[in-house]
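Worksheet for the structure shown next.
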Amino acid sequence: MTVLALLGDPPTLLDPTTPVLRADDLGVARGESVFETLRIAGGRPAFLDLHLERLARSAARLAIDLPPGWEALALAATEAYGHAAGMLRLTCSKGVPGGSPVGFALASPVPAETLRARTSGVAAVTLTLGVSADQRAEAPWLLGGVKSTSYAVNMASLRAAEAAGAQDAIWVSSDGQVLEAPTATVAWVSSGVLVTPPADEVGTLPGTTAHVALELSPVRVEVRRGTVEELRAADEVMLLSSVRGVAPVVSLDGRELGIGPVTAQLRDAFERAVLDGTPG
Ligand SMILES: Cc1ncc(COP(=O)(O)O)c(C=O)c1O
């Protein structure tokens, strides 16, 4: 049920077990590759333009000379996958020293636990990222806001959350501000307002889900910084990401929250938008 397609003109479909990177590829050796993960809904890649724009921005930050042909690649992989619902991962690795970048797409089913998290929510814990909220925006080499495969810190954060009995983490800065989750944007409801931190100011990844979902919010939206104390006192907390969608945070640092009305409405509205392909 997995489809692998290699970037090229035209894209080539390969057996999904085919190796596509050399052992000395800089993506493998140094983590210098960029990726996007998006939803396949109604047999189409959802919000593909937003993801391709971000792929290009991430590639520029890693000095990867992004080759053309990504839209055709995404469409070819989605068509060959042939199911209405799934997920699509696009990757561009820097290539071997002095060589050309290598691009490929993998289409596959959405894992059952991802669907469960959307329906039933996740327990989350806050974890420090060890830098101040301004630092990642001020120091571009820290690669805040870049969707690169150098995600070992993100995965280690999820393991730390699991060790603490949760399923997800929310990073906070050394000066106590809310940043993002290892694979999602964070939003919360305080005093009837939906709040999410400004990605450009705090060096987080500008989420495509947040971009679409905030337009659909049933309550007023504020894009502003927030403290961990405000987050812990929030009426509702949610994690926004392309494949999982709007996932309710049902407990935070051990405090039970349940699934609030704004989260539930936003989750349903986002699922409709994914199917319609319209950002609001
Ligand atoms: C660090 C990080 N922040 C936020 C997001 C949410 O981005 P999107 O909504 O485009 O999936 C992701 C997605 O994987 C991520 O890895």
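The values are calculated or read from the model by the stated rules, or taken from the named source; none is laboratory data. Predicted, not measured: the structure shown is a model, and the values here were computed from it. Cβ atoms come from the backbone with ideal geometry, glycine included; neighbour counts cover every protein chain shown. These area figures cover heavy atoms from the full protein model, side chains too; ligands, DNA and RNA do not enter into them. Shrake-Rupley method; radii C 1.70, N 1.55, O 1.52, S 1.80 Å.
Quick look at the values:
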| quantity | calculated |
| --- | --- |
| Qualifying residue in the stretch 135-148 (condition: part of a strand (DSSP E or B) and either in contact with a Ser or Thr (Cβ under 8 Å, 6 or more places away or on another chain) or open to solvent by less than 30 Å² (accessible area, probe 1.4 Å) (or both)) | yes |
| Selection count where residues are within 12 Å of the ligand (Cβ to nearest atom), open to solvent by 10 Å² or more (accessible area, probe 1.4 Å) and either assigned to a helix (DSSP H, G or I) or not β-branched (Val, Ile, Thr) (or both), scope the stretch 36-45 | 1 |
| Members of the stretch 113-166 found to be of a type in the set (Val, Ile, Thr) and over 22 Å from residue 35 (Cα atoms), listed by number | 119, 122, 125, 126, 128, 131 |
| Residue within the stretch 46-68 that is in a helix (DSSP H, G or I), open to solvent by less than 50 Å² (accessible area, probe 1.4 Å), under 21 Å from residue 19 (Cα atoms) and not assigned by TED's automatic domain parsing to the domain that holds residue 209 present | no |
| Residues satisfying the stated conditions in the stretch 88-98, i.e. open to solvent by 10 Å² or more (accessible area, probe 1.4 Å), over 14 Å from residue 20 (Cβ atoms) and in contact with a strand residue (DSSP E or B) (Cβ under 6 Å, 6 or more places away or on another chain) | none |
| Condition check for residue 72: hydrophobic (A, V, I, L, M, F, W, C) and out of contact with any helix residue (DSSP H, G or I) (no Cβ under 6 Å at 6 or more places or on another chain) | yes |
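Here is a yes/no grid of residues against (1) in contact (Cβ under 8 Å) with a residue 24 or more places away in the chain; (2) within 13 Å of the ligand (Cβ to nearest atom); (3) not assigned by TED's automatic domain parsing to the domain that holds residue 37:
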{"residue": "120", "(1), (2), (3)": "yes, no, yes"}
{"residue": "123", "(1), (2), (3)": "yes, no, yes"}
{"residue": "132", "(1), (2), (3)": "yes, no, yes"}
{"residue": "150", "(1), (2), (3)": "yes, yes, yes"}
{"residue": "156", "(1), (2), (3)": "no, no, yes"}
{"residue": "169", "(1), (2), (3)": "yes, yes, yes"}
{"residue": "175", "(1), (2), (3)": "yes, no, yes"}
{"residue": "184", "(1), (2), (3)": "yes, yes, yes"}
{"residue": "187", "(1), (2), (3)": "yes, yes, yes"}
